[in-house]
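What follows draws every value from the coordinates through simple rules; no lab data is involved. These numbers were taken from a predicted model, which means no experiment stands behind them. All Cβ positions, glycine included, derive from the backbone under ideal geometry; neighbour counts span all protein chains shown.
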Amino acid sequence: MSDRVYAIDSAGSFALGPWTVRRVGYGAMQLAGDNVFGPPRDRDEALSVLRAAVEAGVNHIDTAQYYGPGVVNELIREALYPYPADLAIVSKLGARRDANGAVLLFDEPDQLRQGLEDNLATLGVDRLPAVNLRMIDQAKPGKKFDAQLASLVRAREEGLIDGIGLSNISLEQLLRAVEQTDVVCVQNLFNLVDQSSADVLEECARRGIAFVPFFPIGGQNRLLSSRVIAALGARLRATPAQIALAWLLDLAPNILLIPGTRTRTHLAENLEAATVELDDAARAELAEHFPAAR
């Protein structure tokens, strides 16, 4: 077994509904062109990154039909189909792109169904381990939210998805959702610099729901210029990005990582974050300099 596979395994696993995935996965968004629109900068490297991730033990890939649009899903299919039996490909619904690349709402119940069918077609599957309902307009949970959830419940009952996830949500939305159905994962912005979803993370941990932070290495300028991060990196023999990812892995056992990259070099760096062990002194330093925004 290679060192890289061992690095992923050392971070452990967590449940994603009926699936069990390793805690370090891969977010495929960056494989599309600039602004997540159009073809990749380097198609061959994009395919190689996907293959290298799976060869290293990644069994959780995050994607969306509106990445490209369609570009990222088609790359995943070209690189990895037929898929390994344990590979959980998770997509998201609720948006589409226009001809100029603008992100538009596509979140009425019938549109969610169309988005799901588009994902299934481009990925070449008849079922997905989970899909996330992506909240874009920040509306309060109400009749529309309930109808959106009902659409996904029907898709699950019909065998098109195994689990329902939510993305970019408030605690209020999470609590309303779990009154109506099981939720297998939540994808929210969360990193060392922006911890504003700490209340959602805590509720997910309490309920055993996987929490998947997007932009896990957010605030890169602050991280790269931080003397604390630099000193910790030197002491722990880790890069600033690895410190940020290791902090998330150390924070709660239900956190699943999906850092994205266009290159195999950065992929290896991200995966090796699983080998970085924070001690009490490191935790205290990070807590002092990156306090939770509650």
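Can you find, among 183, 211, 230, the residue sitting farthest towards the positive end of the charge dipole of the chain, where Lys and Arg contribute +1 and Asp and Glu -1 at Cβ? Checking the options against the dipole of the chain, the answer is 230. Spin-label model, residue 98 to residue 207: label points 7 Å out along the Cα-to-beta-carbon direction sit 3.5 nm apart. Apply the Kirkwood formula to the stretch 3-289: the hydrodynamic radius equals the inverse of the mean of 1/r over all pairs of different alpha-carbon atoms; give it in Å with one decimal. About 19.1 Å, per the Kirkwood formula over Cα pairs. Taking 0.36 nm per residue of separation and subtracting the current Cα-Cα distance, fully stretching the chain between residue 55 and residue 288 would add 80.1 nm.
Between the residues 248, 193, 148, the greatest Cα displacement towards the positive end of the dipole of the chain, with unit charges on the Cβ of Lys, Arg, Asp and Glu, is found for 193. For a paramagnetic label modelled on residue 181 (point 7 Å from Cα along Cα→Cβ), amide N atoms under 17 Å away belong, within the stretch 91-115, to 91-95, 106-115.
Shown in residue order for the stretch 218-223 are the 3J(HN,Hα) couplings computed by the Karplus curve 6.51 cos²θ - 1.76 cosθ + 1.60 at θ = phi - 60°: x, x, 4, 4, 5, 5 Hz (x for Gly and Pro). Computed on the chain, with alpha-carbon pairs under 8 angstrom and 6+ residues apart, the relative contact order is 20 percent.
Near the amide H of residue 212, within less than 5 Å, lie the amide hydrogens of 186, 187, 188, 256, all on another chain or at least 5 residues away, with H placed in the peptide plane. Using only side-chain charges placed at the Cβ, +1 for Lys and Arg and -1 for Asp and Glu, the dipole size of the chain relative to its Cα centre rounds to 300 debye. Close amide H pairs (under 5 Å, H built 1.01 Å from N) link residue 161 with 128, 156, residues at least 5 positions away or on another chain. Here the calculated FRET efficiency for residue 81 and residue 281, from their Cβ-Cβ distance with R0 = 45 Å, stands at 0.45, rounded to the nearest 0.05.
Phi-derived couplings, Karplus 6.51 cos²θ - 1.76 cosθ + 1.60 at θ = phi - 60°, listed residue by residue for the stretch 23-33: 6, 10, x, 9, x, 8, 3, 5, 6, 6, x Hz, with x used for Gly and Pro.
Evaluating 6.51 cos²θ - 1.76 cosθ + 1.60 at θ = phi - 60° for every residue in the stretch 158-167, the Karplus couplings come out as 7, x, 7, 9, 8, x, 10, x, 10, 9 Hz, glycine and proline recorded as x. Charge dipole of the stretch 204-289 (Cα centre as origin; +1 on each Lys and Arg Cβ, -1 on each Asp and Glu Cβ, all else neutral): 280 debye, rounded to the nearest 20. Of the GluC sites (Glu not before Pro) found in the stretch 218-285, those that fall in a DSSP loop while having at most 15 other beta-carbon atoms within 10 Å are 277. Note on residue 117 and residue 138: their simple-model spin labels are 3.4 nm apart, each label 7 Å out from Cα toward Cβ. With both labels modelled 7 Å from their Cα along Cα-to-Cβ, the residue 227 to residue 154 distance reads 6.0 nm.
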